[in-house]
1. What dipole magnitude, in Debye to the nearest 20, does the chain give about its Cα centre under +1 on Lys/Arg Cβ and -1 on Asp/Glu Cβ?
2. Ignoring any ligand, DNA or RNA, what whole percent of the accessible area of the chain comes from carbon and sulfur when the probe is 1.4 angstrom?
3. Can you tell me the accessible area per residue over the chain, all protein chains present, probe 1.4 angstrom, in square angstrom?
4. List the extent of the Cα atoms of the chain along each of their three principal axes, largest first, rounded to whole Å.
5. By how many nm would the segment from Arg107 to Asp61 grow when fully extended, if each residue of separation counts as 0.36 nm and the alpha-carbon distance is taken off?
Amino acid sequence: QVQLVESGGGLVQAGGSLRLSCAASGSIFSIGAMAWYRQAPGKQRELVASIITGGNTNYADSVNGRFTISRDNAKNAMYLQMNSLKPEDTAVYYCNANVRATAISARYDYWGQGTQVTVSS
C-alpha cells in the first residue's frame, strides 16, 4: 500500500506565500508523474501543476508564474511553492502520484487526504 501525506497548508493574506509538501511512503518501486490538484467549494477538482520524473513541469494558466512545483526523487517527495497568493487560490490541495509498487506491477494513481489553503483578502 502507498500513502501520500500533504502538509504546509494554512491561512495566509493575499500576496503571501506558502510551501506545500507531499511525502510518499509504503510499497514504492518507482514514482512516475506527480501532480498537485485543488478543489474549491462547489467546484470541480482541477489540475494545478504536474512534474515528471525527469523534471519537466506543467502549470495551469491561473498559477503560471506564481507557483513552482518540484520533487525530490530520493525522498519520494514533491513540493509546491506558492507565491503572490490570491483569494481565488483558496481550496483544498491534493497530492497525486503515479506509483509502481514492484518492478513487475502496474502503475496506479494514489491521492493524499488534502491540505486546506485559505487566502484572505
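1. Values: 10 positive and 7 negative charges, 26 e Å.
It works out to roughly 120 debye.
2. Values: 3030 of 6280 Å².
Ligands and nucleic acids excluded, carbon and sulfur give 48 percent.
3. Values: 6280 Å² over 121 residues.
That works out to 52 Å² for each residue.
4. Largest first, the chain extends 49, 25, 23 Å along its Cα principal axes.
5. Values: separation 46, 0.36 × 46 = 16.56 nm, distance 2.81 nm.
Taking Arg107 through Asp61 to full extension adds about 13.8 nm, to one decimal.
The values are calculated or read from the model by the stated rules, or taken from the named source; none is laboratory data. These figures come from a predicted structure and were not determined experimentally. Here Cβ is always computed from backbone atoms with ideal geometry, including for glycine, and neighbour counts include all displayed protein chains. Heavy atoms of the whole protein, side chains included, go into the accessibility calculation; ligands, DNA and RNA do not. Shrake-Rupley method; radii C 1.70, N 1.55, O 1.52, S 1.80 Å.
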